[in-house]
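Below is one structure, written out as structure tokens, with a few remarks after it.
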Amino acid sequence: MVQEPPIDPDPGDPAATSRRSTTRAFEIGPIGGGMVNVVAGLARRASIPSLTENHSSVVVLGAFAFVNGVISIALMSAAALVTGSPFIFPSLGPTAFLLFYTPTAPAASPRNTICGHAIGAASGWLSLAIFGLLGAAPALATHVTLARIGATALSLGLTSGLMVWCKVPHPPAGATTLIVSLGILHQPWQLGVLMLAVVLLVGQGLVINRLAGIDYPWWSPPTGDAPARPPG
């Protein structure tokens with residue numbers, strides 16, 4: 001399925017020609033999102049005709065998601081193994097998928113991804129401090145207390161509200177704040193490593209999407225009515 005841009009009523013207008021050059025057809029694909037455009041761009045970049053012809057196949061898209069997911073977490077796992085630091089945490093998974101499934105969505109932009117996880121980590125730590133749980137064992141290793149319930153509820157509420165108020169929604173950050181408020185990661189240095197892992201993942205998203213010809217933003221998502229440029 002291809003979503004065509006609207007036809008400009010004045011084809012002789014230079015401004016209209018410029019707009020059409022940046023709003024070319026954007027393929028939706030059989031599973032929605034924009035992953036099909038990433039695969040198509042990489043296939044053209046690698047000059048693989050058979051892959052270019054079948055880029056919208058569910059089998060091909062699934063294979064890309066599989067390989068990309070393995071690479072994403074393998075890189076983090078290698079960093080964790082070498083440094084002995086927690087470079088792997090659950091909310092990296094949905095972030096990785098979001099960066100390549102809907103790369104042009106505002107929630108997948110570097111700004112939203114990094115700021116969203118930072119808000120989640122800070123909200124989780126603040127909630128632990130408010131309820132006196134900074135030195136407590138993780139909830140999953142002991143039992144859930146009223147204080148822990150309060151901390152997790154407050155952390156998710158703060159994260160949700162702050163992401164909206166700051167206009168940086170990134171859904172996976174909701175998992176990050178619970179990881180912190182449940183005590184799984186709560187030391188300041190651990191939160192620093194957590195954010196470094198997010199930055200590394202965003203870097204991977206930037207490289208792959210740009211190689212595919214996707215106008216993945218360097219920081220903020222595009223503003224205005226013009227969609228991001230698909231690969232061509």
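The values are calculated or read from the model by the stated rules, or taken from the named source; none is laboratory data. Computed from a prediction, not measured in an experiment: that's the story for all the values here. Cβ atoms come from the backbone with ideal geometry, glycine included; neighbour counts cover every protein chain shown.
The table that follows gives values for the structure above.
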{"item": "Members of the stretch 30-65 found to be hydrophobic (A, V, I, L, M, F, W, C) and under 21 Å from residue 203 (Cβ atoms), listed by number", "result": "35, 38, 39, 42, 46, 64, 65"}
{"item": "Yes/no for residue 170 being out of contact with any Cys (no Cβ under 9 Å at 6 or more places or on another chain), touching a residue at least 24 places away in the same chain (Cβ under 8 Å), not in a helix (DSSP H, G or I) and not aliphatic (A, V, I, L, M)", "result": "no"}
{"item": "Flag for residue 109 being of a type in the set (Gly, Ala, Ser), more than 15 Å from residue 201 (Cβ to Cβ) and at pLDDT 95 or above", "result": "no"}
{"item": "Helices (runs of 4 or more DSSP H) lying entirely in the stretch 40-105 (those with 1 or more residues that are touching a residue at least 40 places away in the same chain (Cβ under 8 Å))", "result": "58-83, 92-101"}
{"item": "Looking only at the stretch 129-167, and only at residues there that are touching a Ser or Thr at 6+ places or on another chain (Cβ under 8 Å) and hydroxyl-bearing (Ser, Thr, Tyr), the one that is farthest from residue 112 (Cα to Cα)", "result": "152"}
{"item": "Qualifying residue in the stretch 221-232 (condition: of a type in the set (Ser, Thr, Tyr) and at pLDDT 90 or above)", "result": "no"}
{"item": "From the options 129, 151, 197, residue that is assigned to a helix (DSSP H, G or I), touching a Phe, Trp or Tyr at 6+ places or on another chain (Cβ under 6 Å), among the hydrophobic types (A, V, I, L, M, F, W, C) and at pLDDT 95 or above", "result": "151"}
{"item": "Residue within the stretch 78-93 that is under 12 Å from the mean Cα position of the chain (by Cα) and farther than 16 Å from residue 185 by Cβ present", "result": "no"}
